[in-house]
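The values are calculated or read from the model by the stated rules, or taken from the named source; none is laboratory data. Quick caveat, the model's predicted, so the values are computed rather than measured. Glycine also receives a Cβ, built like all others from the backbone with ideal geometry; neighbour counts cover every protein chain displayed. Remember, those area values only see protein heavy atoms, side chains included, never the ligands or the DNA or RNA. Shrake-Rupley method; radii C 1.70, N 1.55, O 1.52, S 1.80 Å.
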Amino acid sequence: MIQLENICKQYTNHNHMVHAVDNVSFSVAPNERVGIAGGSGSGKSTLLRLIAMLEKPTSGTLRLFGEDIHSIQNHTEIYRSMQMMFQNPLAVIPPRMNLEAFLLEPYINYGLMDVASAKDDIRKWMQRVDLPENTVYKYPHEVSGGQLQRVVLARIMLMNPKLVLFDEPTSALDAVNQKLVLDLLQKLHSEQPFGYVFVSHDIGLLQAVTDRIIVMKDGQIVETIESKRLKEAVHPYTKSLVEASL
Ligand code: ADP
Ligand code: MG
């Protein structure tokens, strides 16, 4: 579904070169759940921004749904098919927009259905993400971080994406809400086919929500391991991440 071949991204910071992503190759199959683990500054967010086409690689080949990023014809279709979720929902939802308006945007932007049908559909989505229907009349500051992330997840899933990129989406939540959102993600994944790439510094969390974990350090992949075999990791850096998440 996505393929990265020898992807590099360099930045120049105060006259010295930073290799944020350094010769990274991997692919994600349809419906696959891939984790990216690594400490702060290891290049995880940069890698997701490259896949999301928010930035261009310095070198290497990136194919999304079979098309090289430099020859994509229908950007609208790719933008709908590939969604991204971040740590802080308040940075994503405009403060003066109620949640219904926020949820209506993709129906309107992508012409998914007329507004009356979309409003009905939004109420079904509130049930699917375990929120009261009247949550849609609230403003972002009136609901908790965990509830907002469920609204963001509903807005992503209603677009029926093929791939979702998660950048530490639960890192700002307390343990209880973190589990609620991760359990919800697993429920949605079992109900609707989509693949995802989930970035986290917490390799234990990744083990619970992915099929395969790619471990990054200083912009490079140091190990790739099946999530259920994490205990058999051989690279010392992977082992140190496992220790840190216990
Ligand atoms: P992570 O998400 O794993 O914490 P990042 O991808 O944010 O890592 O950062 C990887 C490296 O690239 C860091 O050294 C960071 O300072 C650098 N970096 C990231 N984005 C930029 C940017 N826009 N300009 C300059 N340097 C950047
Ligand atoms: Mg990051």
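What residue among Pro30, Pro94, Pro106 has the largest mean-square fluctuation in a Gaussian network model of the chain, using Cα springs under 10 Å?
Pro94
What net charge do the residues around Thr170 carry, taking every other residue with its C-beta under 14 Å from that of Thr170, with Lys and Arg at +1 and Asp and Glu at -1?
Charge balance in the 14 Å sphere: -3.
Give the carbon-plus-sulfur fraction of the accessible surface of the chain in %, rounded to a whole number; probe 1.4 Å, heavy atoms of protein chains only.
Carbon and sulfur together cover 49 percent of it.
In nm, give the distance between the simple-model label positions of Ser240 and Ile69, each being 7 Å from the Cα along the Cα-to-Cβ direction.
So the two model labels end up 2.9 nm from each other.
Straight distance only, please: which lysines reach the Cα of Lys239 with their own Cα at less than 29 Å, same-chain residues fewer than 8 apart left out?
In chain and number order, the partners are Lys9, Lys44, Lys179, Lys217, Lys228, Lys231.
Looking only at Ala154, Ala118, Ala91, which one moves most when the chain is put into a Gaussian network model with springs between Cα atoms under 10 Å?
Ala91
To the nearest 500 deg cm²/dmol, what mean residue ellipticity at 222 nm is calculated for the chain from DSSP H runs of n ≥ 4 alone, each contributing -39,500 (n - 2.57), summed and divided by the residues?
Using -39500 (n - 2.57) per qualifying helix, the result is -10500 deg cm²/dmol.
Say each of Asp121 and Tyr11 gets a label point 7 Å from the Cα, pointing the same way as Cα to Cβ; how far apart are those two points in nm?
With each label point 7 Å from Cα toward Cβ, the separation is 3.7 nm.
Please identify the trypsin sites (Lys or Arg not before Pro) of the range 42-132 that satisfy two criteria: DSSP loop assignment and at most 13 other Cβ atoms within 10 Å. Which are they?
Taking the range 42-132 and a limit of 13 other Cβ atoms within 10 Å, the loop trypsin sites (Lys or Arg not before Pro) found are Arg96.
Per residue, what accessible area does the range 55-162 have, given a 1.4 Å probe and all protein chains present, in Å²?
Result: 50 Å² of accessible area for each residue.
Provide Rg and Dmax in Å for the range 1-83, with only Cα atoms included in the calculation.
Radius of gyration, then largest Cα-Cα span, for the range 1-83: 13.2, 42 Å.
Two decimals is fine: what's Rg over Rh for the chain, C-alpha atoms, Kirkwood radius as Rh?
Across the chain, the Cα-based Rg/Rh ratio is 0.97.
In whole Å, how far is the Cα centre of the range 1-25 from that of the range 206-246?
So the two Cα centres are separated by 21 Å.
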